[in-house]
Amino acid sequence: MESVIQVPFEGNYNTWAFVDSSLVLLAYLEREAENQVLVYKKLLLSPLEQGEESTQNIRRRVHQRFLNGDSLEQKLAKIEQASSPESEMERRLLYLTDLLKIHLFIDESTCEETDIQTKIEENMEILKKYIKEHEIYSLFPFKG
C-alpha cells in the first residue's frame, strides 16, 4: 500500500476515491507514527488545493460538511436498506472508512470524538464477526 502515497490527485474523483480510502486506512493502521499520519493527511487534503479559487472554496465546504458527519445518516440508511448481508457489509465497510476519515480530522469536525470512536469500534466488530462467520477474504471495493 505504500505505493498509494505516490499517486497524485489528477482531478478525477472516481479514481481518487480508492486512493483516498487507502490513505485513510494507512493513517489508521499507522496512527502511532505521527509524522507519517501528517503525510497522509496532507495527501488527503491535496484535492482541496487544486483548481480555481472558487472551486477550492466549494471543495473545502464539501469537505467540512463531510467532516461534520452530514452524510453519515444517509449511509446508515443505505446499510439498513441493503438487499443482502454481503451488500450490507460492503456498505458498512465504506461507512467505516468515512468514520475513520472523520476521526483522522476530528480536530476540524463538529462530531464528538467519543461518538465517532464508538461507531468505529461497533462497525469493526460487526465486520469482523461477518468475515469470520462467512470466511470472507475480500469485500467491495477491495475485491480482487
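The values are calculated or read from the model by the stated rules, or taken from the named source; none is laboratory data. Quantities reported herein were computed from a predicted structural model and do not represent experimental measurements. Cβ atoms come from the backbone with ideal geometry, glycine included; neighbour counts cover every protein chain shown. Note: accessible area is taken over every heavy atom of the protein model, side chains too, but ligands, DNA and RNA are not part of it. Shrake-Rupley method; radii C 1.70, N 1.55, O 1.52, S 1.80 Å.
Answer yes or no: is there a residue in segment 57-77 that is farther than 19 Å from D20 by Cβ and in contact with a helix residue (DSSP H, G or I) (Cβ under 9 Å, 6 or more places away or on another chain).
Yes, that holds for at least one residue.
Taking F140 and the conditions (1) surrounded by 13 or more Cβ atoms within 10 Å (Cβ to Cβ); (2) under 15 Å from the mean Cα position of the chain (by Cα); (3) at pLDDT below 95, which numbered condition does it fall short on, given that it satisfies the others?
Single failed check for F140: (1).
Which helices (runs of 4 or more DSSP H) sit wholly inside segment 4-118 and have at least 2 residues that are under 29 Å from H134 (Cα atoms) and open to solvent by 40 Å² or more (accessible area, probe 1.4 Å)?
13-29, 72-80, 85-104
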